[in-house]
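Visitor: Take this structure, written in structure tokens, and hold onto it; I'll ask about it next.
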Amino acid sequence: MKKFQITILTLFAVLLTACSNGDDETTQIIVPDDPDGVRDDDIGAVVKLSEGSVVWIDSTSISNGKQTQIYTYSYRSHDAIGDTIRLTALIGWPKADVRPTNLLIGCHITITNDVKAPSNYDHSNAASDVGMLLMHAVDGDSPSNNALVIMPDYEGYGGTVSRTHPYLCQELTAHQVIDAVRAGMKLFKEQKGEMAEGWKSVVAGYSQGGAVAMAVHRLIEQAGLSDELHFCGSVCGAGPYDLVTTFRQYINDNKVYMPTVVPLILKALCENNPRLKAYEPSDFLTADFVATGVLDMISQKTLSTGDIQERLEAYTESHPGTMQFRFDDSGDYLRPDMILRPECISYLKGENVSETDRPKVEALMQALEDNSVWAPWSGYSAWQPQHPIIAFHSVSDEIVPFVNYLQALEYCQQYFNGRRFKSSFFTTHTTAGYMFFGLYCTSMIEELLQGKTSVTNKDQ
């Protein structure tokens, strides 16, 4: 069954390649203090990656010769404690002599291997999220063509690979993305010229990228950057918008299909959230799970999420009696109690914990709340979007539970344009992701650019 699923995914990826259309510990919004975007020294040395073509292929014709200029650049931003750091990003624009009519801010998926970072893109995987979003940076008649595409690496990848990635630290990452956008637009102006008159911007992403896209949307509005960026909305695919509810759903289902995400989140929070500065990930993870070496695997940044999953499965097979993967129609999974310490699970379930454990689990809960993009406890429940959000989510998503979509639908109210993906086959998080990028993302971006987001909570 597992080999069959992998074969289908591989075939589908090939198909897409050929047929793709200070003391205060609360989170704060930081408004950039330079009205011109970035100072002259904010742009690092520009490194030209390639003049290779990104060929646009749609369902009716193959247009050869349409190429994209692709660069990587470094830019100044700030880390969780306010220190200045230089991050990296990928930028692409049409090679043809056209002025971009739109700005597409691309937010990449969860990665654990630095080679998958946008600035390391080498044209070898056109069906990846980076490749699919870059396809908009070509001249053409489609409203989503002629785009200036900017895709940040996120802290911890690309030029900052030696740093811990602040995985799902939403406000921090959103601010760093905006810094990349402002620096990238300045770079484009210096290298190429002005955007087309009346240009518009959209932010889009799937999985981690979906949550980052919604966090960027929120920051653009709350920091007063909508006019500067000609902002018209976001396309958010299957994002973990609410970390507390996500963890609780894992516990309720008694299944965690992608165990790697738990230490990814805990490692990021322990290093970037002041509430957890006194703790280590191992304070929340079971000794058996730590013994698998998963934290070291994450730190190496040479293994993909699939590689880590395979190593975890191999470890459990060679160490019987510690943990055991089980399998159902959605894939392999571990029980939450094999990953999280009992006191963490008890507190998330609303049960009593010892006075010794209470400070630790309360700090964990508050850190998860801090980094939820949209939830009544996140501190942003008063935010009502002024621009549309188009959200896409499989109702059977096993990695990012569908409850994330339902929470966003409840709190975003009239500005939420939902797309519930239902299918008898393509139901998992990964397969729905292929569908998102291959069949739906472009049309959703065009809905925003053309102001046609009138459908709410629609089934696909």
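Visitor: If r is the Cβ-Cβ distance from H230 to D328 and R0 is 51 Å, what FRET efficiency results, to the nearest 0.05? Show your work: numbers first, answer last.
Guide: On the way: r = 46 Å, r/R0 = 0.90.
E(calc), rounded to 0.05, equals 0.65.
Visitor: A further question follows. Tell me, in nm to one decimal, what length is gained between D141 and S443 on full extension, where the rule is 0.36 nm per residue of separation less the Cα-Cα distance?
Guide: Numbers: separation 302, 0.36 × 302 = 108.72 nm, distance 1.36 nm.
Taking 0.36 nm per residue and subtracting the Cα distance, the gain is 107.4 nm.
Visitor: While we're on this one: Provide S77, S372, S330 in ascending order of the number of other Cβ atoms located within 10 Å of each residue's Cβ, fewest first.
Guide: Neighbour counts put them in this order, fewest first: S330, S77, S372.
Visitor: Taking a point 7 angstrom from the Cα of K349 along the C-beta vector, which residues in the stretch 250-266 have backbone N less than 11 Å away?
Guide: 251-254
Visitor: Could I ask something else about it? For the pair R99/T356, report the inter-label distance in nm, with labels modelled 7 Å from Cα in the Cβ direction.
Guide: About 6.9 nm, to one decimal.
Visitor: So what is Rg over Rh here for the stretch 239-371, counting just Cα atoms and using Kirkwood for Rh?
Guide: Looking at the stretch 239-371, the ratio lands at 0.94.
Visitor: Fewest Cβ neighbours within 10 Å first, please rank Y411, Y434, Y206 accordingly.
Guide: Y411, Y434, Y206
Visitor: If you don't mind, another one. Could you tell me which of rounded, prolate or oblate describes the stretch 233-295, using a ≥ b ≥ c as the square roots of the eigenvalues of the alpha-carbon gyration tensor, with rounded for a/c under 1.5 and, failing that, prolate when a/b is larger than b/c and oblate otherwise? Spell out each step's value before the answer.
Guide: Working: a/c = 2.02, a/b = 1.31, b/c = 1.54.
The shape class here is oblate.
Visitor: A further question on this structure: Just to be sure I understand the model, the point goes 7 Å from the Cα along the line to the Cβ. What's the resulting D253 to H78 distance in nm?
Guide: 3.7
Visitor: Provide the gained length on full extension for the span Q386 to A223, in nm with one decimal, where the gain is 0.36 nm per separating residue minus the Cα-Cα distance.
Guide: Here the segment from Q386 to A223 would lengthen by 57.4 nm.
Visitor: Next question, about the same structure. Skipping prolines and chain starts, which residues have an amide H placed within reach, meaning under 5 Å, of the one on H78, given they are 5 or more residues away or on another chain?
Guide: Long-range HN contacts for H78: I85.
Visitor: By its C-alpha gyration tensor, with a ≥ b ≥ c as the square roots of the eigenvalues, how is the stretch 193-239 shaped: rounded for a/c under 1.5, else prolate for a/b larger than b/c, else oblate? Intermediate results must be reported in sequence, preceding the final value.
Guide: On the way: a/c = 3.08, a/b = 1.70, b/c = 1.82.
Oblate is the answer for the stretch 193-239, as a/c is 1.5 or above yet b/c matches or exceeds a/b.
Bear in mind these aren't lab numbers, they're just calculated from the coordinates by the rules spelled out. This is a predicted model, so every value here is computed, not measured. When we count neighbours, we look across all protein chains shown, and the Cβ atoms used for this are built from the backbone with ideal geometry, even at glycine.
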